[in-house]
Amino acid sequence: MDLSNLKNQQGAASQATTAFLVVVDTDGSVSVSTDLANPPNVERSATFTDIRTASHVVQEDTRAMQISGLVQQQMMAVGQMVQQQMQTEALAKSLKL
């Protein structure tokens, strides 16, 4: 991505595949919104430091969400394996194997 051309492009018509807003609230918290119809009122233009910091937060949060999803999938798989093992043991007991 070329950051050398960072400038206010409000009103510039362009085509895009997708878009989202990264918002730094007045308390410093960072959030992402896909609702482009209701942009927030901003106090000032973003600086390079704002962009770098918010990008880092978004990257770390999405990485954490991805890891959390993977852990949840693994836990569900282990749960299914335990359930199958219990069913197999119950069947073996009923057949007195």
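The values are calculated or read from the model by the stated rules, or taken from the named source; none is laboratory data. The model shown is predicted, which means the values in this text are computed figures rather than measured ones. With ideal geometry, Cβ positions are generated from the backbone for all residues, glycine too; neighbour counts draw on all protein chains shown. Quick note on the areas: whole protein, heavy atoms, side chains included, nothing else; ligands and nucleic acids left out. Shrake-Rupley method; radii C 1.70, N 1.55, O 1.52, S 1.80 Å.
State which residue is least open to solvent (accessible area, probe 1.4 Å) when the search covers only the stretch 47-73 and only residues that are small (G, A, S) and without any contact (Cβ under 8 Å) to a residue 24 or more places away in the chain.
G69
For T49, state whether it is assigned to a helix (DSSP H, G or I), hydroxyl-bearing (S, T, Y) and within 20 Å of the chain's Cα centre (by Cα). Talk me through it step by step, then tell me what you get.
Values: assigned to a helix (DSSP H, G or I): yes; hydroxyl-bearing (S, T, Y): yes; within 20 Å of the chain's Cα centre (by Cα): no.
No; evaluated as a whole, the condition is false for this residue.
Go through I51, I67 for me and flag whichever is closer than 12 Å to L21 by Cα and modelled with pLDDT of 90 or more.
Values: I67 fails: closer than 12 Å to L21 by Cα.
Of I51, I67, the one residue that is closer than 12 Å to L21 by Cα and modelled with pLDDT of 90 or more is I51.
Checking T88 against (1) open to solvent by 100 Å² or more (accessible area, probe 1.4 Å); (2) β-branched (V, I, T); (3) without any contact (Cβ under 8 Å) to a residue 12 or more places away in the chain, which single condition isn't satisfied?
(1)
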